[in-house]
Amino acid sequence: MSASFAIVGSGPSGMYAADALLKEVPGCRIDVFDRLPTPFGLIRFGVAPDHFKTKNTSRQFARTFELDEVRYLGNVEIGRDLSIGELQDNYDAVVLATGSYNDRRLGIPGEDLPGVYGACAFVGWYNGHPDYRDLNPLLNGGGVAVIGIGNVALDVCRVLAKTRGEMQGSDIAAHALDAIQAAPLEALHMFGRRGPVEAGFTPKELGELREFERCAVIVDGGQLPGSVEGDFEGREKGIKEKNLALLRELAAQDKPDLPIQMHMGFYAAPVEILGESQVEALRLERTQVIDGRAQGTGEFFDVPCAAVVTAIGYLALPPDGVPMDGTIVANDAGHVAGNLYVVGWSKRGPSGTIPTNGPESRDVVGLLVKNLETGKPGGDAIDALLGERGARVVDYDGYKIISAAEIAGAPEGHPQEKFTRIDEMLALLDGGGG
Ligand code: NAP
């Protein structure tokens, strides 16, 4: 009998693991589970909609799903339709690739006020994730403050800053595009608790702030150091130097007449979100960086805003029964316990780009293969369980029908208009809508 594997999560790390398993264990059978009808996880819901070309990575993964050895079991949630233990009992090995699908919290007063959104939710909303279809963020008060100075914070600011015309070619969800364009946005604030040199963003993404039709980016040249000091070498130092040069360029720009002003503020840590029944302002403390860490100076200031978006990193949220170690799944080089393994952001935390997952998933698969013992029943036994439970599995052909309808339904100038409600996707497959 051929070896059988389950992969939980069809985002990049899971799909790289599938490719590695196919190479390392010829003739194996792989079932890839996803709790949504549509595959590809972060590529569909995390990558910014105006970075649509990056989403072409999913073409490579689509080829994997066309192979006879690989099945897609969409709309199956591990923890609801099947337990992780049932997967472990039925497959020779199980690879968790569920990403970091939970926002880290700031841990400051006011964080639960209406108008505070984690990036997971906010990005999910504009990317058409069914979980956040009805987020309806409060963008009516003129200002939005984004906490964090990584690439996710830049994505959020850029999507808010662009005009409808600038979003042409993107696959932003129509409900979000309409809401953003209707919002009376006047000020965007992006706050880093440390300085420009410590920022997590990268030059390509930072450079995209140089040309907006309706938004002026304001950088205080006084916050920019003369050179990159500190413990940085090689490629990392080069990135920091490019970032600094771009920030200097932004600081030198003068665009006072544009309707939205986007302020990039460094050395400011959020300490409280203020408001009676919803967000009215963000209180921050000025900081200085000592030995690489932000330390408060005791000087506070308030910034009026109607919404706060936190882009401060994510936590893993694996199915019940999977051990955690802080914010990630407890693992030793990708091995969790028994025949259970973990890859991607659940394994290492939210860092790196999509291709970072390739070598890492291959390494974990290498370990898995070393420990592999075969003989479990495989996917037929799981199909029987799903049948008994009345699960509505969406296979890859089903996804292709959904995807074709999304492309056919795209508004002029956009590549696709995603379905944002699971019942509408299922109705399409049942011949009842679309
Ligand atoms: P990130 O680069 O780690 O940025 C997180 C930011 O949150 C940092 O500025 C961090 O500051 C700040 N932060 C954390 N806790 C905070 C707190 N309590 N108060 C204030 N600030 C706090 O992560 P990310 O932006 O979420 O991105 C995740 C990964 O996805 C990264 O590897 C990123 O490069 C990647 N990504 C790539 C792209 C792209 O390639 N286009 C797009 C999006 C995301 P400290 O540094 O001081 O902790």
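The values are calculated or read from the model by the stated rules, or taken from the named source; none is laboratory data. All of these numbers come straight from a predicted model, not from anything done at the bench. Note: ideal-geometry Cβ built from the backbone for every residue, glycine included; neighbour counts use all protein chains shown. In case anyone asks, the SASA skips ligands and DNA or RNA and just uses the protein heavy atoms, side chains included. Shrake-Rupley method; radii C 1.70, N 1.55, O 1.52, S 1.80 Å.
Tell me, what is the per residue accessible area of the range 370-434 in Å², probe radius 1.4 Å?
Using a 1.4 Å probe on heavy atoms only, each residue of the range 370-434 averages 56 Å².
If each DSSP helix of 4+ residues adds -39,500 (n - 2.57) and the sum is divided by the residues in the chain, what number results at 222 nm, nearest 500 deg cm²/dmol?
When only DSSP H runs of four or more count, the value is -9000 deg cm²/dmol.
How big is the gap, in Å, between the Cα center of the range 41-108 and the Cα center of the range 116-149?
When both Cα centres are located, 22 Å separates them.
Hey, what did the range 116-310 get for relative contact order, percent, Cα under 8 Å, at least 6 apart?
The normalised contact order for the range 116-310 reaches 28 percent.
Would you grab the residues whose amide H sits under 5 Å from the one on residue 274? Only those 5+ places off in sequence or on another chain, please, with H modelled 1.01 Å from N.
Amide H to amide H, under 5 Å and 5 or more residues apart or across chains, residue 274 pairs with 280, 281, 282, 283.
Taking amide hydrogens as modeled 1.01 Å from N in the peptide plane, which residues meet the under 5 Å criterion relative to residue 117, leaving out close sequence neighbours?
Those qualifying (amide H under 5 Å, at least 5 residues apart or on another chain) are 308, 309, 310.
Between residue 164 and residue 400, what is 0.36 nm times their sequence separation minus the Cα-Cα distance? Round to one decimal in nm.
So the chain would gain 82.1 nm between residue 164 and residue 400.
On full extension of the chain, what length is gained from residue 56 through residue 380, given 0.36 nm per residue of separation minus the C-alpha to C-alpha distance?
Length gained, residue 56 through residue 380: 113.4 nm.
Past the 26 Å Cα-Cα mark, which pairs from 23/418; 370/400; 204/237; 204/400; 255/418; 55/370?
23/418; 370/400; 204/400; 255/418; 55/370
Using a 1.4 Å probe on the protein chains only, how many percent of the accessible area of the range 280-434 belongs to carbon and sulfur?
50 percent
Run the quick spin-label model on residue 300 and residue 229: label points 7 Å from Cα toward the beta carbon, then report their separation in nm to one decimal.
3.0 nm
For the range 116-310, build the charge dipole from Cβ charges (+1 Lys, Arg; -1 Asp, Glu) around the Cα centre, then report which of 261, 224, 207 sits farthest towards its positive end.
The listed residue farthest towards the positive side: 207.
Work out the charge dipole of the chain with +1 on the Cβ of Lys and Arg and -1 on the Cβ of Asp and Glu about the Cα centre, then indicate which of 114, 128, 278 is farthest towards its positive end.
Sorting the options by dipole projection puts first 128.
Name the residues of the range 311-327 whose amide N is less than 20 Å from a point 7 angstrom out from the Cα of residue 86 along the C-beta direction?
318-323
Please report, in cubic angstrom per residue, the volume enclosed by the convex hull of the alpha-carbon atoms of the chain.
About 150 Å³ per residue, rounded to a whole number.
Computed FRET efficiency, Cβ-Cβ of residue 242 and residue 186, R0 30 Å: what is it to the nearest 0.05?
0.50
Quick one: accessible area per residue over the range 1-94, 1.4 Å probe, rounded to a whole number of Å²?
Heavy-atom accessible area per residue stands at 35 Å².
So what is the relative contact order for the chain, in percent, with contacts set as C-alpha pairs under 8 Å and at least six apart?
Computed value for the chain: 24 percent relative contact order.
Distance between Cα centroids, the range 157-227 to the range 260-334: provide it in whole Å.
The distance from the Cα centre of the range 157-227 to that of the range 260-334 comes to 18 Å.
Suppose every Lys and Arg Cβ carries +1 and every Asp and Glu Cβ carries -1, with no other charges. What dipole size does the range 116-310 come out with about its Cα centre, to the nearest 20 debye?
280 debye
Quick check for you: with a 1.4 Å probe and neighbouring chains kept, what is the accessible area per residue of the range 116-310, in Å²?
42 Å²
Counting only other residues whose beta carbon sits under 15 Å from that of residue 383, what net charge do I get with K and R as +1, D and E as -1?
-2
Give me the number: length gained by fully extending residue 370 to residue 427, i.e. 0.36 nm times residue separation minus the C-alpha to C-alpha distance, one decimal in nm.
Length gained between residue 370 and residue 427: 16.1 nm.
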